[in-house]
1. For the range 131-175, name all the residues that are under 18 Å from residue 7 (Cα atoms) and either touching a Phe, Trp or Tyr at 6+ places or on another chain (Cβ under 6 Å) or near the ligand (Cβ under 10 Å from one of its atoms) (or both).
2. Considering only residues of the range 318-334 that are within 16 Å of the ligand (Cβ to nearest atom) and not aliphatic (A, V, I, L, M), which is surrounded by the most Cβ atoms within 10 Å (Cβ to Cβ)?
3. Looking at the structure I just gave you, is residue 22 more than 12 Å from the ligand (Cβ to nearest atom) and not in a helix (DSSP H, G or I)?
4. Mind counting the residues in the range 181-204 that are assigned to a helix (DSSP H, G or I), within 16 Å of the ligand (Cβ to nearest atom) and among the hydrophobic types (A, V, I, L, M, F, W, C)?
5. Look through 236, 246 and report the one residue that is outside any helix (DSSP H, G or I), modelled with pLDDT of 95 or more, away from the ligand (no atom under 16 Å from the Cβ) and crowded, with 21+ Cβ neighbours inside 10 Å.
6. Among (1) touching a residue at least 24 places away in the same chain (Cβ under 8 Å); (2) under 24 Å from residue 211 (Cα atoms), there is one condition residue 33 misses while meeting the rest; what is its number?
7. Picking from 41, 33, which residue would you name as being out of contact with any strand residue (DSSP E or B) (no Cβ under 7 Å at 6 or more places or on another chain) and under 11 Å from residue 65 (Cβ atoms)?
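The values are calculated or read from the model by the stated rules, or taken from the named source; none is laboratory data. Computed from a predicted model, the values in this text were never measured in an experiment. Using ideal geometry, Cβ is built from the backbone for each residue, glycine included, and neighbour counts are taken over all protein chains shown.
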Amino acid sequence: MKIDGKAYRTIWPGDDGASAVIIDQTKLPHRFETVVLGTVEDAARAILTMQVRGAPLIGATAAYGLALALRRDASDAGLAAAIALLARQRPTAVNLRWALGEMHRAVAPLAPDTRAAAAFAKAAAIADDDVETCRRIGAHGVALIRAIAAKKPAGAPVNILTHCNAGWLACVDWGTATSPIYQAHDAGIPVHVWVDETRPRNQGAALTAYELARHGVAHTLIVDNAGGHLMQNGKVDLCIVGTDRVAANGDVANKIGTYLKALAAHDTGVPFYVALPYSTIDWTLASGRDIPIEERSADEVLTLQGQLADGSVTRVAIAAPGSPAANPAFDVTPQRLVTGFITERGLAPADRNGLLALYPERRESTA
Ligand code: MRU
């Protein structure tokens, strides 16, 4: 997608052939800065500190991180240590483990002196595949938006609510939840997006609103608690969110607060869709009960980052000193609250049979 007229992905190989470059998402929306990852420790830190975040991008960054590790130590022990380091940085998004599994399969059978070059090529292939997968998610999802638009008065926008950032910044390009939105917009279908701010880290305010604005998509930022009210009053035609892990029965882990939006959508009859690539399905988990939920620092709840009038960016306390805070970063939405999945292979009911109809090759390996 474009920023100020220039096309970007969220991660790309460095010109020296021995590094990867990312957009530092902790600086958005106030500053656009890139960071060069030169070592596996750089990649691990970028994932942990959320310079990169979003399930598919975490996976792509881990893939490049492994390639960086193999430049230094391509032995079996080096490979295992780098995978262990990268895998423990964030627990919920299964794409991290998926990408490391793909990388291991690609390089483990090779002679150590050829592993680093093969790993860079495989990381680039994982990134390219994510771009095409997300493009296809949009190509399928746009049909939903088109169908709703056809029932509205000519020119009236389709109002779509989304939570967190499941946009191109969360992937390598296009996004998952936003891909249908961008493709509808590009096709001339009027769309308007309600963007949940998504406390505590405000991925909606800082990232989704930012990227929609750069692409010229009409949107309105709302506080996390506004969605139910808007749905009750007929102001939301459709919810589309992303996900960090889908269990084999269709339960969906996504950014904290997603479950409450799904409940409100269910109560008000608003269709609630989850957009995902195949790499986000955890076929080993029978239900969402076993999805590990990341617990993050209380500081993220107790403080807010923002820009002052003089342009400086600062962090301020929002609670009296001494109050403890809890910060579960994800929740699980039961599949019964999800109208359907939007995947690169098409739409499906959000249940085990729906997933297996799209991925029949998984019948044998499913939990
Ligand atoms: O903690 P984050 O920012 O990595 O979480 C990302 C999300 O939960 C997104 O909402 C998204 O749906 C998953 S990535 C497409």
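1. 134, 135, 167, 168, 169, 170, 171, 174, 175
2. Once the filter is applied, the top-ranked residue is 333.
3. Numbers: more than 12 Å from the ligand (Cβ to nearest atom): yes; not in a helix (DSSP H, G or I): yes.
Yes.
4. Going through the range 181-204 one residue at a time, the tally reaches 1.
5. On the way: 246 fails: away from the ligand (no atom under 16 Å from the Cβ).
Residue meeting the stated conditions: 236.
6. The one condition residue 33 does not meet is (1).
7. Details: 33 fails: under 11 Å from residue 65 (Cβ atoms).
Going through 41, 33 in turn, the sole match is 41.
One line per residue, one yes/no per condition, for (1) in contact (Cβ under 8 Å) with a residue 60 or more places away in the chain; (2) under 16 Å from the mean Cα position of the chain (by Cα):
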{"site": "208", "(1), (2)": "no, yes"}
{"site": "213", "(1), (2)": "no, no"}
{"site": "221", "(1), (2)": "no, no"}
{"site": "239", "(1), (2)": "yes, yes"}
{"site": "269", "(1), (2)": "no, no"}
{"site": "277", "(1), (2)": "yes, yes"}
{"site": "285", "(1), (2)": "yes, no"}
{"site": "289", "(1), (2)": "no, no"}
